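The block underneath contains the structure these notes are about, expressed in structure tokens.
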Amino acid sequence: MSGNASDLSIAVLGAGSIGLRHLQNLRALGVERLACFEPDAVRREQASREVSAVFLAELEAVWEFAPAAVVVAAPTQHHLALALAAAEHGAHLFVEKPLAPATAGLAPLLQLAEERRLVTMVGCNMRFHPGPATVQQLLAERAVGEIAAARIQTGSYLPRWRPAQDYRRSYSASPMFGGAILDCIHEIDLALWHFGPGRLLAAAVVSASLIDLPTDGLAELLIRHDIGTLSSVHLNFIQRDYRRGCQIIGERGTIDWDFQSRRVTVCDEAGQPGRTFSEPEGWEINRMYLDEIAHFLRCLKEGEPTMNPLQQGFAALEIAEAARAEKWRI
């Protein structure tokens, strides 16, 4: 597929906060033929006041619109059905994380996407944050040599995520479709992006009872990567402040990324701080979402694989699903 963004027709499925963000960013990138499927009339009306698009109440109307690509931004439990319907209609796919609540039933989607040579991407926007992107570049340069281990963590407070919505009624609160492990799957994705394929060795999962939810609220995962690196991944959405970052132990030094300080630091063989990489001046959070969807559009126009196709989203989901197993709950 070739041409400019203005030549593309794209449908966003879901007009919640992330769906609305994608609509606005697609419009900002020059996509003129833009539609949005949203069955909730109130949400549809609210979104129509925010961005110019064709708003549709019925899914069948999306296929009459004939989009070249579909962005699945509905709640997690609807991802698989919507993505499969889009693939059956020959639409290229951008699916928000996580790919689905579980791996069961995903095989037909993966097979269909491959058979039809669809350009696919799972939306893990943290790959486009300057912090993890810099870490990835340093690892590619072997800045600290062979990697022995890493600690990747995120912690935040779910009740503050979506101020306009009661968190107890959000999909994040669901024991089946939500929970910290699925909602915070970004850090699992980063572990696999930085260090390659791996398997879950062990996990400990604690409930979200501190915020009165029956789902998982905190988890510690231990992943052994095929290259030998051991990564420890901490996920929670029950702590009051916001923390995010990673520490990577290499044979010739360490790499540290801290979200709050907005920089990546490399410590040398003597254990002293060396190179420091700060976020670009004026960088804002929406930039990573904009860059993410721009990457998808670029791959779509050039007919090339994206940096995070469905198969990689499936691999992250496999680890998340294994961590959610009852045997790890304490």
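Some points to look at:
- Remark: pairs (first residue in segment 86-110, at pLDDT 95 or above; second residue of a type in the set (Phe, Trp, Tyr) and open to solvent by less than 10 Å² (accessible area, probe 1.4 Å); Cβ separation under 6 Å; 6+ apart in sequence or on different chains) = 94/296.
- Residue pairs whose Cβ atoms lie under 7 Å apart, separated by 6 or more positions or on different chains, with the first residue in segment 12-30 and farther than 18 Å from residue 65 by Cβ and the second charged (D, E, K, R) and not in a helix (DSSP H, G or I), are 17/162; 18/96.
- Index of the failed condition, residue 5 passing every other in (1) closer than 27 Å to residue 284 by Cβ; (2) at pLDDT 95 or above: (2)
- Number of positions in segment 239-257 that are open to solvent by 60 Å² or more (accessible area, probe 1.4 Å), over 17 Å from residue 142 (Cβ atoms) and not aromatic (Phe, Trp, Tyr): 4
- Residues that are hydrophobic (A, V, I, L, M, F, W, C) and surrounded by fewer than 17 Cβ atoms within 10 Å (Cβ to Cβ) within segment 30-52 comprise 41, 42, listed in sequence order.
- Subset tally (residues that are in a loop (DSSP other than H, G, I, E, B) and within 29 Å of residue 261 (Cα to Cα)) for segment 276-306: 7
- Index of the failed condition, residue 55 passing every other in (1) out of contact with any strand residue (DSSP E or B) (no Cβ under 6 Å at 6 or more places or on another chain); (2) open to solvent by 40 Å² or more (accessible area, probe 1.4 Å); (3) touching a residue at least 40 places away in the same chain (Cβ under 8 Å): (1)
- The combined condition, being in contact with a His (Cβ under 8 Å, 6 or more places away or on another chain) and polar (S, T, N, Q), is not fulfilled by residue 103.
- Selection of segment 307-330 for residues being under 25 Å from residue 206 (Cβ atoms), in a helix (DSSP H, G or I) and among the hydrophobic types (A, V, I, L, M, F, W, C) yields 315, 316, 317, 319, 320, 322, 323, 328.
- Restricting segment 6-17 to residues that are surrounded by fewer than 19 Cβ atoms within 10 Å (Cβ to Cβ) and out of contact with any Lys or Arg (no Cβ under 7 Å at 6 or more places or on another chain), the residue that is nearest to residue 165 (Cα to Cα): 6
- Search result, residues across segment 272-330 that are among the aromatic types (Phe, Trp, Tyr) and either over 20 Å from the mean Cα position of the chain (by Cα) or open to solvent by 40 Å² or more (accessible area, probe 1.4 Å) (or both): 277, 314, 328
- For segment 84-123, the set of residues classified as more than 27 Å from residue 324 (Cα to Cα) and acidic (Asp, Glu) consists of 88, 114, 115, listed by residue number.
- Considering 279, 269, 318, the condition of being at pLDDT 95 or above, over 24 Å from residue 28 (Cα atoms) and not aromatic (Phe, Trp, Tyr) is satisfied by 318 alone.
- Pairs meeting the criteria (first residue in segment 148-177 and free of Cβ contacts under 8 Å to residues at least 60 places away in the same chain, second residue of a type in the set (Ser, Thr, Tyr), beta carbons under 6 Å, at least 6 apart or on different chains) are 159/167; 175/215.
The values are calculated or read from the model by the stated rules, or taken from the named source; none is laboratory data. It should be emphasised that the depicted structure is a prediction, and the values quoted were computed from it without experimental measurement. Neighbour counts run over all protein chains shown; Cβ positions are idealised from the backbone, glycine included. Protein only, heavy atoms only, side chains kept; ligands, DNA and RNA dropped before computing areas. Shrake-Rupley method; radii C 1.70, N 1.55, O 1.52, S 1.80 Å.
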